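One structure is given here, and the rest of the page talks about it.
The values are calculated or read from the model by the stated rules, or taken from the named source; none is laboratory data. What you see is a predicted model; the values in this text were computed from it and never measured.
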Amino acid sequence: MTVLEILAAWFLLSLTGALAPGPLSAAVVQNAAKRGKFYGMLPMLGHAIVEIGIVGAIIFSVHSLTLTPFMISLIMGMGGLVIILFGVLALREYRYSAEQIEESAEKMDDSVTTAASATIQGALVSILSPYFLLWWFAIGLSTVTVLMVDLQVGVGTVLLAGILVYVTHISTDLIYGAFLSIGTDKARERAAVGGINWLNVAVGLFQVILGMWFIVGAVQVS
């Protein structure tokens, strides 16, 4: 296979992680609904930072790690609790005024602290998301290890191969995140019925249910 064919296959495989509904998607929708499309993309930035570390770890041969049933149970249980917490926070902000809807995202809450908070939220839900961690252990680690071997032949260096793997993978998350963020930003006025932010309500309930599902799964695994 050529370098382009290898990367195309990796792009399609990466979509299985990017398109899966989960706490990161919920964080994008939540921030875009509250502050606009720019803030909606910030959780994806936090996610991208986390994945730099993961790809870097794979390059340094961390692919030899394995997950025991206890570790899987712990990841699912802790991750489920954190997801529920973010869901509760989303549900707490279930109302907004007509004035808030009409204001621009910059005027609503444009600050370094708010931007950092949205970015950190994306990093946290990534690190603590059971699906995210299990996807990397079940699919990502072994696949990237094989890709690195094949790509080194085509591009000549480990560093360049790692960069290509990372950029190709994260592009699926950024494309999907942009779609979610822009769509949510355009839909938020229509969602404001009776002064209630229905997007936040839906996102909050989704995260609470998802978190409970992960906790139940953790109990079953253990």
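Considering LEU67, LEU89, LEU81, the condition of being modelled with pLDDT of 75 or more and among the hydrophobic types (A, V, I, L, M, F, W, C) is satisfied by LEU81 alone.
Take the conditions at pLDDT below 75, more than 15 Å from the chain's Cα centre (by Cα) and polar (S, T, N, Q) and apply them to SER97. Does it pass? So SER97 fits the description; yes.
Considering the stretch 1-51, and only residues there that are among the hydroxyl-bearing types (Ser, Thr, Tyr) and not in a loop (DSSP other than H, G, I, E, B), the residue that is nearest to the chain's Cα centre (by Cα) turns out to be SER25.
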